[in-house]
1. Mind checking which residues of region A:173-210 are touching a residue at least 60 places away in the same chain (Cβ under 8 Å) and touching a Leu at 6+ places or on another chain (Cβ under 7 Å)?
2. Which residue, of B:GLY517, B:GLY528, is small (Gly, Ala, Ser) and either outside the structural domain of B:ILE656 (by TED's automatic domain parsing) or at positive phi (or both)?
3. Exactly one of (1) within 14 Å of chain A (Cβ to nearest Cβ); (2) free of Cβ contacts under 8 Å to residues at least 40 places away in the same chain is unmet by B:SER56. Its number?
4. Hey, could you check region B:318-346 for residues that are within 14 Å of chain A (Cβ to nearest Cβ) and over 23 Å from B:ARG394 (Cβ atoms) and say which is modelled with the highest pLDDT?
5. Of the conditions (1) within 13 Å of another protein chain (Cβ to nearest Cβ); (2) surrounded by fewer than 20 Cβ atoms within 10 Å (Cβ to Cβ); (3) charged (D, E, K, R), A:ARG606 fails just one. Which one is it?
6. Select from region B:231-250 the residues that are among the small types (Gly, Ala, Ser) and surrounded by fewer than 24 Cβ atoms within 10 Å (Cβ to Cβ) and write down the one among them that is nearest to B:PHE186 (Cα to Cα).
7. Of all residues in region B:588-632 being of a type in the set (D, E, K, R) and under 29 Å from the mean Cα position of the chain (by Cα), which is nearest to A:PHE632 (Cα to Cα)?
8. Filter region B:695-734 for residues that are in a loop (DSSP other than H, G, I, E, B) and farther than 26 Å from B:LYS492 by Cβ and give the result.
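The values are calculated or read from the model by the stated rules, or taken from the named source; none is laboratory data. Because the structure is a prediction, the values reported are computed rather than measured. With ideal geometry, Cβ positions are generated from the backbone for all residues, glycine too; neighbour counts draw on all protein chains shown.
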Protein chains: 2
Amino acid sequence: MKFKTIKAFGLTALFLVLSDAAFAQQYEPLLLLSKSEAKNISQHLGDYKILEKSFSKVKKGADKALESKIEVPVPVDNGGGYTHEKHKKNYRELYYAGLTFQVTGEKKYAKFVEEMLLEYAKIYPGLPLHPKRKAEQNSGKLFWQGLNDCVWLVHGIQAYDLVKESIDPKNREIIERDVFRSMAAFLSESEGGKDTFNKIHNHGTWSVAAVGMTGYVLGDKDMVDRALYGSAKDKKTGFLKQIDMLFSPDGYYSEGPYYQRYALQPFMVFAEAINRNQPDLKIFDYRNQLLKKASNTVLQLTDANGYFFPINDALKEKNYMTEELVFATNIVFENYNDASVLPVIQQQNEVSITGAGLKSSEAVNGLKKQEFVKNPMIIADGPEGKSGGLALFRMHTKKKDEQLTAVFKFASQGMGHGHFDRLGILLFNNDKEILQDYGAARFLNVESKSGGRYLDENKTWAQTSVAHNTVIVDEKSHYDGNWKEAEKQAPKTIFSDVSAPEKIQIASASEANAYPGVEMQRTVALVGADTPFIIDVFSLKSKENHQYDLNFMFRGHIMETDFKYEPALTSLSPLGKDNGYQHLWKLAEAKGNQGLSKFTWLNDSRFYTISTLTDDTNNLVLTRLGANDPNFNLRNESGYMVRTKDKKNYTFVSIIEPHGSFDPKLESVQDPHSKVETIQILKQDENYTVVLVTFKNKKSYTLAFSNKEAKSDSKHKVSINGKNMEWRGNYTLITN
Amino acid sequence: MKFKTIKAFGLTALFLVLSDAAFAQQYEPLLLLSKSEAKNISQHLGDYKILEKSFSKVKKGADKALESKIEVPVPVDNGGGYTHEKHKKNYRELYYAGLTFQVTGEKKYAKFVEEMLLEYAKIYPGLPLHPKRKAEQNSGKLFWQGLNDCVWLVHGIQAYDLVKESIDPKNREIIERDVFRSMAAFLSESEGGKDTFNKIHNHGTWSVAAVGMTGYVLGDKDMVDRALYGSAKDKKTGFLKQIDMLFSPDGYYSEGPYYQRYALQPFMVFAEAINRNQPDLKIFDYRNQLLKKASNTVLQLTDANGYFFPINDALKEKNYMTEELVFATNIVFENYNDASVLPVIQQQNEVSITGAGLKSSEAVNGLKKQEFVKNPMIIADGPEGKSGGLALFRMHTKKKDEQLTAVFKFASQGMGHGHFDRLGILLFNNDKEILQDYGAARFLNVESKSGGRYLDENKTWAQTSVAHNTVIVDEKSHYDGNWKEAEKQAPKTIFSDVSAPEKIQIASASEANAYPGVEMQRTVALVGADTPFIIDVFSLKSKENHQYDLNFMFRGHIMETDFKYEPALTSLSPLGKDNGYQHLWKLAEAKGNQGLSKFTWLNDSRFYTISTLTDDTNNLVLTRLGANDPNFNLRNESGYMVRTKDKKNYTFVSIIEPHGSFDPKLESVQDPHSKVETIQILKQDENYTVVLVTFKNKKSYTLAFSNKEAKSDSKHKVSINGKNMEWRGNYTLITN
């Protein structure tokens, strides 16, 4: 109504002029929760269970906060330390109290926010850079890194927005000057702060969201414009540029799903604030509704329990139940009316106390429990969708409620948090990791573990190539472990197809720059069968001799091998000197069998076998993580490696096969042995690869594919043992 | 009604005489499900959800069986192999089809049982001992061990009992002669079979249950009497003697909860059959209602998810949802009308298709969901309750729904499946193992792992003392690893008290025979506090010098130590040569601090610290399991050891303390550091021990106790630094 006009811009002057008590009463929240929405929420608490539960949590948090003495300590501690945790607690309490004030109308909550902000106003302007800052990270004042200060501000400004109406002009002035303007200036105009503010990076997104939202609340158009268009307002940086650059057209975020989750909060929350204050920007339509795709894609990049695939620097404990995704799903539903996210909101069983949360509560109220549909998909990476991508293969088995998910990653580096995992794969059985990514080496906020920051082993192990399920050449990481070099090149998608998902889901990609003079190509197919299996063809081409290591970090207990190995019984040594190899104890070594070498492990209720085409020039190595780990920072995970030495061109062909079952409750075991009988390369030349897999029941699968990009309707012909094989498109699978 | 009379005994002759078709129609099931109960079940399927679900599973199993061709293969395979699994499947199908026939009345199910039994009749009498039998185990014919043949018979005879009415006399004769009599004779009268039949051991229980139930169905009083009173009918062996000898008066089964679960099925099922056929025996009242106590005690010996404490040879995958316990809870409810088991039946969400299952279904129908109450308790071991025991300490923390459980084991050996774990402790946080027992080294029925039998590492690791949380003297297992010697001696309970469970739960026990000339005494107390903690005082006395190792097999990730250790970075060696030490890689070693040495790890959402009184003559050793394990049979678990050398008398005093929290979803960490400030031994002499623990918040706890058994009202006085301390009873705890 009449406040709509106040939300429009160009009113900065008016704000400055009208700083009298009469106007003070007129302020209404501008960001994520309007006055009428708050009223609506308070009226519908009894009607919508999910809303009641969510608000009750917020109110409980606020009530608990009000019971204690306000404390705003001078920052001294690392992540996990007292002052660090206290300032985090404070911004949460500010936010909860602000929300509770708007919904209940009880002044005491607003008073709490006001008082705490006045305490911050006392210390903030005088604070130096944080004493625990690190050279390689932009320092905050409240926290060891500026990022956390931005998160503080995103919450703090919302809290202030929610209670501003009840604060008298004098205190408003103090708070705005000594907390919000001071903080916004530090975060966007100080030396380090400005750099981050203009970064195309999740830290940049938190920064522009914090400053931009502050701009709306303070009525400071300059702040908002800088947040949207960069410090120079030239659109080379800032929020819109971040949307352009950090996501692929399919909504994939270059740092990977873990950081996508984290960045989505400022992206979605700031977008919501923009939309409410500058609807003409049509931010939710920006770049073909990119924000909707970004949210939906990250929801797809999860296992059966909603845990994000631990690609790049990722902690495995995060799933889409986290607060960031609660904001995101609610905002997606509100702005796109996209019912596909409702099953996730049901699972989250929580909504944000925002206008979006209110709409979401209405929508799920009384809705029958639905399953969130996860489909096979190919997700392109890169701002233009041309920097490789990810293939998500998903197939149900005949076992009830069992879905296999294979992830084939041929995406770009993902900046400093990226891992050297070109052409790596992951395998999940529902929520169980079968072939795993270590994720990040970090105990978030645990002071005893390097102050909760990334551990040294994140670089020396977690990011290395050998920590992944891919090929390592000459015991070096891809791009020699230099992410800035790696950032310049992305793998190339040769072809992909998930159009007949019950029969086959397949992708082929190449990487020609990870090692000078070595071309890598991997073709991965999840093939439909009673129990689906993976055909994995990894080819290497070079003019020089190299050592090629195909590594698998498996999870589970070793059951059997069909090759005879020498176990290291009474003494262990590391597998290598550097690039992650120094962290692997060598447990056993074997020569490959002539023909097939099989390695079987048990994970939960299934057996898994990797059968690889080998001969006696191959070495097979069993490893365990933990060497050169003086602080016991690493988890002791297990690896199986197929190695070949002194080779120019070489192709690893493997079948990765779930089989049988192990039910210790029923004491029943089925098919503990692999069913693969033979693997053959029928043909391999510059243009084509043809492999044949035969199972013990004599069922066979011939997979033929082009090694080069081809049109989907192009005709191909290869001659095998005098017989012609013809097909259309990039590949064919023949089942007999 | 008229069949009641047939159930009485002395009618064997009648059965043999009346084998004509007219009589054939008159047979009614005698064992666990009467004709009228079956009818009742069929009428109430729609009324009781749990019954419908349970029967539907049975019927589905039966229907699936009827679809396939009956196959009764000549036995050749090990556990997990084809014929092994097939014969297991067959007895289950027989049983399911039998039940389905009685409930639905459909003849095809009876026909299936008849036909399959006729197939067994063709091969059984001619079968030799199983080709995969082991020298140390009694061989079966259908399976590699006789035990499985007994399990077959327990199911097979029930199936026959259920369908016998529909089988014509000629086929009855064939089946009874060539299957049931032949099998019962083999299991109770052949050379190896008779030995097992007369064993006071779970194998013996399965055997007498199988043969005894067969006796009822065949009307063979001799079989029944031998089952009840032993082959010689002198009551020196047999079912009643097993009830006398295998359980303590508190219902503790000497082999431990894992085998208690397993043995309970024949105990309860046979008891039910006895009660229906010889009610005068009052079997459920036998030995002060021992069978009720046995069932209830095993339900208490579980973690928060109902998983059995993995004491002795135990697999960790078993909880009280297993079929054995479904029979047990149902039978307990039916015969004792004991409502305390109803919450477990609710959790099981399944009933047996028996008269007992029917009664249980009625009872839980419409019942509000209840929690199964688990209390602190002291459970005496030994047939007379004088062979030590187990202390179960349970305390809630201030964290919602968090219960700590400490298990202190001073029980007897538990025969061949017993571990050398005298005075060992375990710690659980709800269902999380914090200080663990390895359980058994075995992959049940997994052919690739030694045919699914106990692995060699069960003896070389799992049963050894160093695999447990106790003291090891001179790197040898208790009783030098000889279970027959260990069987002769039990620890002694000095005192125990759980009468003020919010304040303190405490037990003290001694073991004077595990090592010649060494007296061991351990006193363990779970002390009430904001976060409860354990005081652990382990004293050793000897006239000779020894090495004493106090070992903790912890679960979780090492967070920090307050002592400086030398890590083994590039080379690992085993900690010792034998008795389990050969399986431990030595990861790091340190000298003890003067005063306290602290070791902290993270498990799930909690930190845990062991603070031990040390000086620089102590060695602190970090270990990981996995050395000398050529077949990768062992899980790679972690140990922390406090060692002292060349000592005659020595006392380890430790505080085991859960603290803080780790919430990676909220990214919040609290109190990652231990709060213990000092530990002191204020006094220790022949009669008394007094220890003082002070926390950083200056709160202190003084625990004083008698080292010798005393009357609960006896008066004690010790002088500490000139001050007198007086108390009544075995111990006192003073909090300041």
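1. A:ILE175, A:VAL179, A:HIS203, A:TRP206, A:SER207, A:ALA210
2. One residue alone meets the criteria, B:GLY517.
3. All conditions pass for B:SER56, except number (1).
4. Residue satisfying both the conditions and the ranking: B:VAL326.
5. A:ARG606 satisfies every listed condition except (2).
6. Across region B:231-250, the extreme among qualifying residues is B:SER231.
7. B:ARG624
8. If the condition is that a residue be in a loop (DSSP other than H, G, I, E, B) and farther than 26 Å from B:LYS492 by Cβ, then B:LYS696, B:ASN697, B:LYS698, B:LYS699, B:ASN721, B:GLY722 are the ones that fit.
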